[in-house]
Amino acid sequence: MEQLLKQIEGYKKDITSFSATDDKQVEEFRIKYLGTKGIVKAIMSEMKNVAPEKKKEAGQLLNEFKQCVEARFAELKEATSNTEHQTSNIDLSLPGDELPLGSRHPVTLMRNRIVSIFQRLGFAVAEGPEIEDDWHNFGALNLPEHHPARDMQDTFYIQQNPDWVLRTHTSSVQIREMEKGKLPIRMLMPGRVYRNETVSARSHCFFHQVEGLYIDENVSFADLKQTLYFFVKEMYGKEVKVRFRPSYFPFTEPSAEMDVTCFICGGGGCNICKKTGWVEILGCGMVHPNVLSNCGIDPNKYTGFAFGMGIERPAMLKYGVNDLRLFSENDVRFLRQFTSAI
Ligand code: DAH
């Protein structure tokens, strides 16, 4: 009996220190202790050598030992099945599945940049129809029917109604805003415009513009310059220089075109600026009194300025795109490149 007790104590120590890291070792444990030729069986057979008066006590001891072994077996099994899970089924160190992200179109990105700068100056955003009537696209903008300036813009006419055109510029939206009769106006009008031009790397039959309009009492050319200076500094950086060249637009008087020092070569001269060091970015001017009158605004009381700029060109320069056609072909290989652009 004494010896049996000692034996059991020894085995108990062994089983608690037995460690298993995989199924194979757990199986070894089972065979060693619980197998048909295992230790538990062997010890049970010792019962026959125990004196009858000690049999009860020994029986309890052996039962307890057997339970101990079984509990340890269950413990080992559980522990290894957990680690098995972690190592074979789920690898927590693997990166997660990638969620495909869409991207904004580069023209949209550039449009948003432009809009957000003017929004900080209090300009609101408005849009108008792409199919316009002659009055909004031309007439009200001081381009009467046979005005030679109409030749500046090759127009798509709608066959069913020659009074309708695909708007050639976003200046038509200026008219729609002024017609509403709510003053003052401080509006930005982005949108798509159409011209009957041969499609090539440098010109397209549709592209995008942003129109700006500010009408109030006492608005001067100085306000126009200050607004556009702010825009250029925000858009192209503080080092960039600006110059205004006198120009002609029927809807503004005086009119100007605005150039900035080439942001590719810094003004030294490159292919983008045709070696001049300057890049033209927009047309602008003081809204012509005839245009104000055409929209029912008193030109003796109100003045204002307007400007219009293309979106594709600055987008091409910013994102290094060398062919206008890429913007409208919807080739995902092109579009995907703007996933992280802002
Ligand atoms: N509409 C002109 C164009 O498409 C751009 C423009 C020039 C808009 C002068 C204006 C402006 O508002 O004042 O080329």
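The values are calculated or read from the model by the stated rules, or taken from the named source; none is laboratory data. What you see is a predicted model; the values in this text were computed from it and never measured. We place every Cβ from the backbone using ideal geometry, glycine too, and count neighbours over all the protein chains shown. Calculation scope for accessible area: heavy atoms of the full protein, side chains included, ligands and nucleic acids excluded. Shrake-Rupley method; radii C 1.70, N 1.55, O 1.52, S 1.80 Å.
Computed about its Cα centre, the charge dipole of the chain is approximately 1160 debye, with only Lys, Arg, Asp and Glu carrying charge at their Cβ. Label-to-label distance for Lys41 and Cys265 is 9.5 nm, based on points extended 7 Å past Cα in the beta-carbon direction. For the chain, the calculated P(r) over all alpha carbon pairs, in 10 Å bins from 0 to the bin holding the longest distance, is 5, 18, 21, 12, 5, 3, 4, 6, 8, 8, 6, 3, 1, 0 percent.
Find the relative contact order for the chain and round it to a whole percent, using C-alpha pairs within less than 8 Å whose residues are 6+ positions apart. Over the chain, the number comes to 16 percent.
Taking every pair of alpha-carbon atoms in region 2-87, give the share separated by more than 17 Å as a whole percent. Everything past 17 Å amounts to 49 percent. Straight-line cross-link partners of Lys24 among the lysines, defined as a Cα under 24 Å from its Cα and at least 8 positions apart when in the same chain: Lys12, Lys13, Lys32, Lys37, Lys41, Lys66, Lys77. Note on exposure: Thr198, Thr108, Thr168 ranked by accessible area (1.4 Å probe, complete protein assembly) read Thr198, Thr108, Thr168, with the most exposed listed first. The listed residues Tyr229, Tyr157, once ranked by accessible area (1.4 Å probe) with the largest placed first, stand as Tyr157, Tyr229. Normalising the Debye intensity of region 158-226 to I(0), with uniform scatterers on Cα atoms only, and taking log10 at q = 0.20 Å⁻¹ returns -0.91.
Mind checking the alpha-carbon convex hull of region 292-341 and giving the volume per residue in Å³?
Hull volume normalised by residue count: 143 Å³.
Computed with the Debye formula from one identical point scatterer per Cα of region 212-265, without solvent, the log10 of I(q)/I(0) at q = 0.19 Å⁻¹ comes to -0.75. Summarising the label geometry, the points placed 7 Å from Cα in the beta-carbon direction at Lys32 and Phe156 lie 8.4 nm from one another. Judged by a Cβ-Cβ distance under 4.7 Å, the unpaired cysteines of the chain are Cys68, Cys205, Cys284, Cys295. Taking Cα atoms only, the orientation of helix 2-17 departs from the longest principal axis of the chain by about 10 degrees.
Shown for region 2-87: the carbon plus sulfur share of the solvent-accessible area, taken with all protein chains present and a 1.4 angstrom probe, equals 51%. Averaging the Cα positions of each part gives two centres, and for region 269-342 and region 25-46 these lie 87 Å apart.
Solvent-accessible surface of region 106-341, averaged per residue with a 1.4 angstrom probe and all protein chains in place: 49 square angstrom.
Here region 106-341 exposes an accessible surface that is 49 percent carbon and sulfur, computed with a 1.4 Å probe and the other protein chains kept in place. Counted over region 148-274 with a bin width of 5 Å, the fraction of Cα pairs per bin, in whole percents, is 2, 8, 13, 17, 20, 18, 12, 6, 3, 1, 0. Taking trypsin sites (Lys or Arg not before Pro) in DSSP loop states with no more than 15 other Cβ atoms inside 10 Å as exposed sites, the chain has its longest site-free stretch at 38-103.
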